[in-house]
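This report refers to the structure that appears directly beneath it.
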Amino acid sequence: MRPHTPVLLTTTALALAQHARVLPRRHPEMPCSLEFVHLVGITSHLTLETGCSSWPVAAATSLAALRAMADAQHWRRTRPMAGDLLLAAPPSAAGDGSPSADAGAPGAGDEMAEEVSIVVGLLDRGLTVAGTVRRCALVVARPLGAERMALVEEVRWVDARCRALAIRWSAGADEVERAA
């Protein structure tokens, strides 16, 4: 099995966003952004010899299930990093992606008000006391009709202590060393 590697996830997500731009939807019952995360995770962690994937998030079929899985596995991170999944409300149409722009998304508890994206890179760290505000490059899928999804590259300020949940689904180098 391929190890739980964020580099494989970010590289695949970025390549699809820059070259494919539009993908077919195969699971319309699932939120579009979650379907994209599963597609990227499963294909980037597929071992051709066995035909199996080591993608650990495949069991989550809703954003609420993804949040529950992150809590159960202790995958929450206070500072988003490349390779993390980011569960957050999308920025408002009139907003510029700044922290204040995502603040008042309608239906805060509603799954439609949230989406999951893949953090493909960190661009800047905010000047806060805790150092938790980061400007992230993200790839997210949004519905394009009923049968297709549009892949979007975004830059957004993220504060994982407040409105966003950064999900670290892979083991860090120190955790791998401790487990060995």
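Read the figures in this text as sums done on the coordinates, not as results from a lab. Remember, it's a predicted structure, so these values are computed and weren't measured experimentally. Cβ sites come from the backbone with ideal geometry, for glycine too, and all protein chains shown count toward neighbours.
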| Extended-chain gain in nm, criterion 0.36 nm per residue less alpha-carbon gap, GLU154 and ARG21 | 46.6 nm
| request: Provide the net charge surrounding ARG134, with neighbours chosen by a C-beta distance below 9 Å and charges set as Lys +1, Arg +1, Asp -1, Glu -1. | output: +1
| message | Modelling each spin label as a point 7 Å along the Cα-to-Cβ direction, I'd like the THR43/ALA64 distance in nm, to one decimal. | response | 3.0
| remark: Two pseudo-spin positions, 7 Å from Cα along C-beta at ASP124 and at VAL7, lie apart in nanometres by 2.9
| Ranked highest first by average number of other Cβ atoms within 10 Å, how do 64-74, 29-39 line up? | 29-39, 64-74
| request: Would you please put 49-58, 77-86, 137-146, 11-20 in order of how densely packed they are, using the mean number of other Cβ atoms within 10 angstrom per residue and starting with the highest? | output: 77-86, 137-146, 11-20, 49-58
